[in-house]
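**Q** Following this message is one structure expressed as structure tokens.
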Amino acid sequence: MDSVVITITSGKGGVGKTTTTANIGTALALLGKKVVIADADIGLRNLDIVLGLENRIVYDSVDFIEGRCKLRQALIRDKRAGELYLLPAAQTRDKTAIKPQQMVDMINELRDEFHYILIDSPAGIEQGFQTAIAPADRVIVIINPEVSSVRDADRVIGLVEAHQKGPAMLIVNRIDSARVKKKDMLSVEDITEILSSQVIGIVPEDEEILSSTNRGQPVVLNSKGSAAQAYRDIARRIVGESVPLTMPSTGSFWQKLFGRA
Amino acid sequence: MSSFRELLFGKKSAEDAKSRLQFVLIHDRAEISPGLFEEIRNDIIMAISNRLNIDPSYISINMDEESGERRLLVDVPLKNSRRPTATRSTNN
Ligand SMILES: Nc1ncnc2c1ncn2[C@@H]1O[C@H](COP(=O)(O)OP(=O)(O)O)[C@@H](O)[C@H]1O
Ligand SMILES: [Mg+2]
């Protein structure tokens, strides 16, 4: 199978890597693709709870690496989205539990069977990050429109290139179009100019993200909101459809009511 | 001081964010910290003013980046008399 391995990373923590991985993975599966989303954040696993699959984990990727199970046994099927599988991270180990080459070998084993394998990278630029990008065909860097996130992203983009994985593509997450309009927040144009990289998605700040994460239901499963739409658009761009990049309206009720967004 | 416009519409902080990022990223990418850059700047001023009559306060030394190419741009306006008579003989 012609599989594509995409690592989602950022440098800075808390910018939305896990949320993005869960939603794009789910959206790709809803497009009829066979998808694995792999959690590479060993010791701080979260994809399971964001997806609402935390109670179903028996084995994880470290169990496979250390020979306690077959890779198949570690995969958890998410029946809500067709052929979507989670490969969980170990929660009680650290980032050194999987070496870059072991990650490459493990992901290669999945390539025959799946169209897309998304890897949720840990924050930082140390070994965990290097392990997460080692098997990648493409790398997506998540950015929030604020100075420290953009600066960290620049560093990561450089490292991605140094590892021959470039050019990295950007997703600008948590943008608030009303604040951008007031020039009180960096715009997507500002960010592309500063980082000179290609943007493949613009995701608005959206209250729905918190409530859907509370329930363990990625927004793409059932929401018509602006973040959900943005994730679906990204999934369609990933499969090769040409979907124009538009500035999403900000998802808050008041902004919608007064039409500011 | 904030202008009436800023009070009314809020400060355009995005412009500050952009220019500050552009500055810091040039240094990050070149792996030349602002402190090291300051030292280089002083070295250059020293080297030139040893031989030429210049006013250090008019020298501008900047890092610039265009389509992935980094440059150090040094602009030194010269005074009319070419050589500082006093310091020249100290060299050689
Ligand atoms: N577009 C968004 N709108 C609102 N909240 C968001 C958005 N994206 C992420 N968040 C929130 O930001 C926090 C960090 O997100 P997470 O995906 O865990 O980041 P990371 O994996 O990069 O550490 C979470 O509370 C998440 O719900
Ligand atoms: Mg995370």
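The values are calculated or read from the model by the stated rules, or taken from the named source; none is laboratory data. All values reported here derive from a predicted model rather than from experimental measurement. Cβ placement follows ideal geometry from the backbone for every residue including glycine, while neighbour counts extend to all protein chains displayed.
**Q** Considering only the range A:7-16, I want to know if a residue exists there that is closer than 20 Å to A:Val220 by Cβ and away from ligand 2 (no atom under 13 Å from the Cβ).
**A** No - not one qualifying residue is present in the range A:7-16.
**Q** Please work out which one of (1) within 14 Å of ligand 2 (Cβ to nearest atom); (2) in a helix (DSSP H, G or I); (3) surrounded by fewer than 18 Cβ atoms within 10 Å (Cβ to Cβ) is the condition A:Leu44 fails and give its number.
**A** Tallying (1) within 14 Å of ligand 2 (Cβ to nearest atom); (2) in a helix (DSSP H, G or I); (3) surrounded by fewer than 18 Cβ atoms within 10 Å (Cβ to Cβ), A:Leu44 fails exactly one: (2).
**Q** Same structure again: Which numbered condition trips up B:Asn62, out of (1) surrounded by 12 or more Cβ atoms within 10 Å (Cβ to Cβ); (2) modelled with pLDDT of 90 or more?
**A** (2)
**Q** Output the number of residues of the range B:49-65 satisfying the condition of being assigned to a helix (DSSP H, G or I) and in contact with a helix residue (DSSP H, G or I) (Cβ under 9 Å, 6 or more places away or on another chain). Steps first, answer last, please.
**A** Our first condition is that a residue be assigned to a helix (DSSP H, G or I); within the range B:49-65, this holds for B:49-51, B:56-58.
Add one more test, that the residue is in contact with a helix residue (DSSP H, G or I) (Cβ under 9 Å, 6 or more places away or on another chain), and what stays is B:49-51, B:56.
Within the range B:49-65, residues that are assigned to a helix (DSSP H, G or I) and in contact with a helix residue (DSSP H, G or I) (Cβ under 9 Å, 6 or more places away or on another chain) number 4.
**Q** Looking at the structure I just gave you, is A:Thr131 touching a helix residue (DSSP H, G or I) at 6+ places or on another chain (Cβ under 7 Å), touching a residue at least 60 places away in the same chain (Cβ under 8 Å) and more than 15 Å from ligand 1 (Cβ to nearest atom)? Can you show your working first?
**A** Working: touching a helix residue (DSSP H, G or I) at 6+ places or on another chain (Cβ under 7 Å): yes; touching a residue at least 60 places away in the same chain (Cβ under 8 Å): yes; more than 15 Å from ligand 1 (Cβ to nearest atom): yes.
So A:Thr131 passes the test.
**Q** So, in the range A:154-173, how many residues would count as being buried (at least 22 other Cβ atoms within 10 Å of the Cβ), in contact (Cβ under 8 Å) with a residue 60 or more places away in the chain and within 12 Å of chain B (Cβ to nearest Cβ)?
**A** Count: 1.
Yes/no per residue for (1) among the polar types (S, T, N, Q); (2) modelled with pLDDT under 95:
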site: A:Thr7; (1), (2): yes, no
site: A:Lys17; (1), (2): no, no
site: A:Asp48; (1), (2): no, no
site: A:Leu53; (1), (2): no, no
site: A:Cys69; (1), (2): no, no
site: A:Ala74; (1), (2): no, no
site: A:Thr92; (1), (2): yes, yes
site: A:Gln101; (1), (2): yes, no
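**Q** What's the number of the only condition in (1) within 14 Å of chain B (Cβ to nearest Cβ); (2) surrounded by fewer than 21 Cβ atoms within 10 Å (Cβ to Cβ) that A:Arg93 fails to meet?
**A** (1) is the only condition that A:Arg93 fails.
**Q** Collect the residues in the range A:204-224 that are among the polar types (S, T, N, Q) and either surrounded by 24 or more Cβ atoms within 10 Å (Cβ to Cβ) or in a strand (DSSP E or B) (or both), keeping them in residue-number order.
**A** Applying the first criterion (among the polar types (S, T, N, Q)) to the range A:204-224 yields A:211-214, A:217, A:222-223.
Within the range A:204-224, A:Ser212 is the sole residue that qualifies.
**Q** Next question. Looking at the range A:11-41 only, could you name the residues that are out of contact with any Asp or Glu (no Cβ under 7 Å at 6 or more places or on another chain) and assigned to a helix (DSSP H, G or I)?
**A** A:Thr19, A:Thr20, A:Ala22, A:Asn23, A:Ile24, A:Gly25, A:Thr26, A:Ala27, A:Leu28, A:Leu30 - these are the residues of the range A:11-41 that are out of contact with any Asp or Glu (no Cβ under 7 Å at 6 or more places or on another chain) and assigned to a helix (DSSP H, G or I).
**Q** Which is touching a Pro at 6+ places or on another chain (Cβ under 9 Å) and within 10 Å of chain B (Cβ to nearest Cβ), of A:Ile191, A:Ile133?
**A** On the way: A:Ile133 fails: within 10 Å of chain B (Cβ to nearest Cβ).
Unique residue meeting the criteria: A:Ile191.
**Q** In addition: Within the range A:194-206, count every residue that is free of Cβ contacts under 8 Å to residues at least 40 places away in the same chain and within 10 Å of chain B (Cβ to nearest Cβ).
**A** 1
Condition check ((1) in a strand (DSSP E or B); (2) within 16 Å of ligand 2 (Cβ to nearest atom)) across all residues:
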| site | (1), (2) |
| --- | --- |
| A:Ala153 | no, yes |
| A:Ile157 | no, no |
| A:Gly166 | no, no |
| A:Ile202 | yes, no |
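**Q** Turning to a different aspect of this structure: Just the residues that are buried (at least 24 other Cβ atoms within 10 Å of the Cβ), more than 16 Å from ligand 1 (Cβ to nearest atom) and of a type in the set (Gly, Ala, Ser), please, taken from the range A:1-39.
**A** Of everything in the range A:1-39, just one residue is buried (at least 24 other Cβ atoms within 10 Å of the Cβ), more than 16 Å from ligand 1 (Cβ to nearest atom) and of a type in the set (Gly, Ala, Ser), namely A:Ala29.
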